[in-house]
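A.B. asks: Have a look at this one.
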């Protein structure tokens, strides 16, 4: 009989029985499907600390017919027989569709996969600490995972993912994205301009991001900025003279890296 260890050895989430898809799709018609899915989300969060407070638990707002039809769609034979990272790709597909509706500004949470793949292929992050200080929905980490797997290796054995994201919703999307792809990482919510959640000065082997360029609202008068060790150059904090944040990002990247580290932005 399969147990939690069997799933985790395959980099997959273990789901309690009443949180499993088969249980939900076969619920009798008289059962409240919305309540059952909400409960499934709570059970999954109870199993994994990294997902606590992350999963949506308001499915009861949708009609029962809509939810049952959605479950039936995902229960089709063609999906059951599909191989590979199927649900990870479905998650990425809907992230992209959500972004195209205008739900983000300037790539706030979703960077096109082609750009992410290019960055990963250039930097080749296959060991050590991989850090994204503006991680959005964690696309850089997901593609890094694919890159390592294509080398015949396991991401969990080769790299440690660290990310920071300023928006609460995006942070949750990132954590779900990692979980769906069977990846583990430490993603913290915080505004990188004013907070350094991971304290990775000279500690990252790879730093890569698609940060918000040309931001002109950074308050350089704040003490936390004027004393920010990530802005050290030649032994002292040096704030860039230009008003946008582009050079701030460059200095962050430079100071996060180990002497032999590599970065792309």
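A.B. asks: For a distance above 19 Å, tell me the whole-number percent of Cα pairs in region 4-82 that qualify.
C.D. replies: 42 percent
A.B. asks: Using a 7 Å offset from the Cα along the Cα-to-Cβ direction at both residue 52 and residue 14, what is the distance between the two label points in nm, to one decimal?
C.D. replies: Taking the two extended label points, one gets 1.8 nm.
A.B. asks: Ignoring everything except DSSP H segments at least 4 long, calculate the 222 nm mean residue ellipticity for the chain; use -39,500 (n - 2.57) per segment, divide by total residues, nearest 500. Each step should come with its number before you reach the end.
C.D. replies: Details: 12 runs with 109 residues, N = 265.
Calculated at 222 nm, the ellipticity per residue is -11500 deg cm²/dmol.
A.B. asks: At a Förster distance of 35 Å, what's the computed FRET efficiency of residue 77 paired with residue 186, Cβ-Cβ distance as r, to 0.05?
C.D. replies: So the FRET efficiency works out to roughly 0.35.
A.B. asks: With all distinct Cα pairs included, what does the Kirkwood hydrodynamic radius of region 195-265 come out to in Å, to one decimal, could you say?
C.D. replies: Values: mean 1/r = 0.0793 Å⁻¹.
Taking the inverse mean of 1/r over all distinct Cα pairs, region 195-265 comes out at 12.6 Å.
A.B. asks: Enter the mean projected area of the convex hull around the alpha-carbon atoms of region 113-264, in nm², rounded to one decimal.
C.D. replies: Working: hull surface 35.2 nm².
With the hull built on Cα positions only, its mean projection is 8.8 nm².
A.B. asks: With a 10 Å radius around each residue's Cβ, average the other Cβ atoms per peptide and rank 245-257, 194-206, highest first.
C.D. replies: 245-257, 194-206
A.B. asks: Report the calculated FRET efficiency for residue 258 and residue 122 (r = Cβ-Cβ distance, R0 = 22 Å), to the nearest 0.05.
C.D. replies: Efficiency for this residue pair is about 0.75.
A.B. asks: If you don't mind, another one. Angle check, please: helix 168-180 long axis (alpha carbons) against the longest principal axis of the chain (alpha carbons), in degrees 0 to 90, nearest 10.
C.D. replies: Around 60 degrees separate the two axes.
A.B. asks: Place the peptides 45-52, 89-96 in order of packing, highest mean first, counting for every residue the other Cβ atoms within 10 Å and averaging per peptide.
C.D. replies: Descending mean neighbour count gives 89-96, 45-52.
A.B. asks: Still on this structure: When you take every Cα atom in region 129-187, what is the radius of gyration, and what is Dmax, the widest Cα pair distance, in Å?
C.D. replies: For region 129-187, the Cα radius of gyration and maximum Cα-Cα distance read 10.7, 34 Å.
A.B. asks: Here is a follow-up. Would you please report the Å³ per residue occupied by the convex hull of the alpha carbon atoms in the chain?
C.D. replies: Working: hull volume 39.4 nm³, N = 265.
Value for the chain: 149 Å³ per residue.
A.B. asks: Once you place label points 7 Å from the Cα toward the Cβ at residue 167 and residue 22, how far apart are they in nm?
C.D. replies: My value for the distance between the label points is 3.8 nm.
A.B. asks: Now, a different point. Relative contact order of the chain, please, whole-number percent, based on alpha carbon pairs below 8 angstrom and at least 6 residues apart.
C.D. replies: On the way: 373 pairs, mean separation 41.3, N = 265.
With pairs under 8 Å counted, the relative contact order is 16 percent.
A.B. asks: Computed FRET efficiency, Cβ-Cβ of residue 199 and residue 219, R0 25 Å: what is it to the nearest 0.05?
C.D. replies: In this case the efficiency is close to 0.70.
Each value in this text was obtained by applying a stated rule to the coordinates, not by laboratory testing. Given the structure is predicted, the values throughout are model-derived calculations rather than measurements. In this analysis, Cβ positions are derived from the backbone assuming ideal geometry, glycine residues included, and neighbour counts consider all displayed protein chains.
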